[in-house]
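Below is one structure, written out as structure tokens; the observations come after it.
Every number in this text was worked out from the coordinates using simple rules, so none of it is lab data. This structure is a prediction, so every number in the text was calculated from the model and none was measured. Don't worry about glycine lacking a Cβ; one is built from the backbone with ideal geometry, like all the others, and counts go over all protein chains shown.
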Amino acid sequence: MAESVFLRHLAGYDEPALTAAVTALLDAAAPSLPPGARVLVKPNLVAPRNMGLSCTTPAVVRAVCRHLLRRGTRVVVGDSPAFGTGRIMAALSGLSEALADLPVTVTDLGAATAVPLSYGGSIGVSRTALTVDRIVSVPRLKCHDQMGLSAGVKNLFGCVVGFRKSLAHQRFGNSGDRFARMILDVRAALPPVTTLLDGIVAMHRHGPTNGAPYALGLLAAAANPVALDTAVFTLLGLAPEQVPLWRTARALGLPGSDPSAIVYPMEPPTRFDVAGFVAPGAHAPIAFAPTRFLTGRLKSLLTRLRRR
């Protein structure tokens, strides 16, 4: 069965072109969103480093929220970042300011519920993320030194609560495809996810925080985050072997993981110039070294304390 992925070329984040593009994409990718639905808008607020490039652009999140409000939905904006909390990172990144005049709630994705994993055990996922009617995921397209690229599916790892993400790196990072399967299991447990990808200025060479800007001019949307990722990775000229999440989705036969089954009702992938985009070479280990794990936990605690 064919999966639709909607692409729109946009040179920058200026209005009113940004709102028009977001509206067209979400109308196409999520036409059945009913008034009164409770929607979690899930940006990527990874860490207080290089936030203008590592986090979702606040203007894109604002345009998404305004569209959802016009549809009559109830909107909560939240994430569980690698450092600090969703509200702290929203304030540091400028997202709270961008949303200040809108009737939306910016929250932390805390209060975990255990989600069973396909290979045994469980992972703690945000109760908010599990109980809303719809998630609109708004990731930033960027390279990732451990996972190749971070886009739609990887952004859903932010629904895992707090330090459990770091523990997941340690528990599953040295076990073949278990880390990727864990993220795909989280995605399967969530309510329906519509993805709108911020790739107008993407991050390339390295990531998820220390890469360089690449003016790709891409906004993309889809009802299936696996299909969106497949479309974007194919557009960038990558192979499944370069992106563990895509490779694992292909091995599991997940809908949307086959590029030959993707259709593009708006703009074609050839609309985008990817000649200078540089993906990571050899991937860094998924499991952190013990010193990095402990340092990360300390940095997260200090980030919380400084914002009190």
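When the range 121-153 is limited to residues that are within 24 Å of Pro31 (Cα to Cα) and among the basic types (Lys, Arg), the one that is nearest to the chain's Cα centre (by Cα) turns out to be Arg140. For the range 67-88, which residues satisfy the criterion of being among the charged types (D, E, K, R) and more than 19 Å from the chain's Cα centre (by Cα)? Across the range 67-88, the qualifying residues are Arg70, Arg71, Arg74. Only one entry in Ala98, Ala91 is among the aliphatic types (A, V, I, L, M), touching a residue at least 60 places away in the same chain (Cβ under 8 Å), surrounded by fewer than 22 Cβ atoms within 10 Å (Cβ to Cβ) and under 26 Å from Pro213 (Cα atoms), namely Ala91.
Do any residues in the range 11-28 that are farther than 17 Å from Val39 by Cβ and without any contact (Cβ under 8 Å) to a residue 40 or more places away in the chain have Cβ atoms under 9 Å from those of residues that are surrounded by fewer than 16 Cβ atoms within 10 Å (Cβ to Cβ) and among the aliphatic types (A, V, I, L, M), where the two are at least six apart or on different chains, and which pairs are they? Listed pairs, sorted by first residue: Ala17/Ala11. Condition check: within 20 Å of Thr128 (Cα to Cα), free of Cβ contacts under 8 Å to residues at least 60 places away in the same chain, crowded, with 16+ Cβ neighbours inside 10 Å and not charged (D, E, K, R). Does Val76 satisfy that? For Val76, the condition - within 20 Å of Thr128 (Cα to Cα), free of Cβ contacts under 8 Å to residues at least 60 places away in the same chain, crowded, with 16+ Cβ neighbours inside 10 Å and not charged (D, E, K, R) - is met. Gly110 meets all of the listed conditions (1) free of Cβ contacts under 8 Å to residues at least 12 places away in the same chain; (2) part of a loop (DSSP other than H, G, I, E, B) but one, namely (1). Across the range 28-73, which residue is surrounded by the fewest Cβ atoms within 10 Å (Cβ to Cβ) among those that are of a type in the set (Gly, Ala, Ser), touching a strand residue (DSSP E or B) at 6+ places or on another chain (Cβ under 7 Å) and under 20 Å from Gly152 (Cα atoms)? Among those that are of a type in the set (Gly, Ala, Ser), touching a strand residue (DSSP E or B) at 6+ places or on another chain (Cβ under 7 Å) and under 20 Å from Gly152 (Cα atoms), it is Ala28.
Total residues in the range 126-169 satisfying the condition of being closer than 15 Å to Gly78 by Cβ, of a type outside the set (Gly, Ala, Ser) and not in a helix (DSSP H, G or I): the figure is 9.
Quick grid of which residues meet (1) out of contact with any helix residue (DSSP H, G or I) (no Cβ under 9 Å at 6 or more places or on another chain); (2) more than 23 Å from Arg62 (Cβ to Cβ); (3) crowded, with 24+ Cβ neighbours inside 10 Å:
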{"position": "Arg181", "(1), (2), (3)": "no, yes, no"}
{"position": "Asp185", "(1), (2), (3)": "yes, yes, no"}
{"position": "Ala188", "(1), (2), (3)": "yes, yes, no"}
{"position": "Leu197", "(1), (2), (3)": "no, no, yes"}
{"position": "Gly207", "(1), (2), (3)": "no, yes, yes"}
{"position": "Leu218", "(1), (2), (3)": "no, no, yes"}
{"position": "Ala223", "(1), (2), (3)": "no, no, no"}
{"position": "Val232", "(1), (2), (3)": "no, no, yes"}
{"position": "Leu245", "(1), (2), (3)": "no, yes, yes"}
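Do the conditions hold for Cys159, that is, is it under 25 Å from Leu26 (Cβ atoms), surrounded by 18 or more Cβ atoms within 10 Å (Cβ to Cβ) and of a type in the set (A, V, I, L, M, F, W, C)?
On the way: under 25 Å from Leu26 (Cβ atoms): yes; surrounded by 18 or more Cβ atoms within 10 Å (Cβ to Cβ): yes; of a type in the set (A, V, I, L, M, F, W, C): yes.
For Cys159, the condition - under 25 Å from Leu26 (Cβ atoms), surrounded by 18 or more Cβ atoms within 10 Å (Cβ to Cβ) and of a type in the set (A, V, I, L, M, F, W, C) - is met.
Entry remark, the range 67-84: residues being more than 30 Å from Ser32 (Cβ to Cβ) and in contact with a Gly (Cβ under 8 Å, 6 or more places away or on another chain) number 3 in total.
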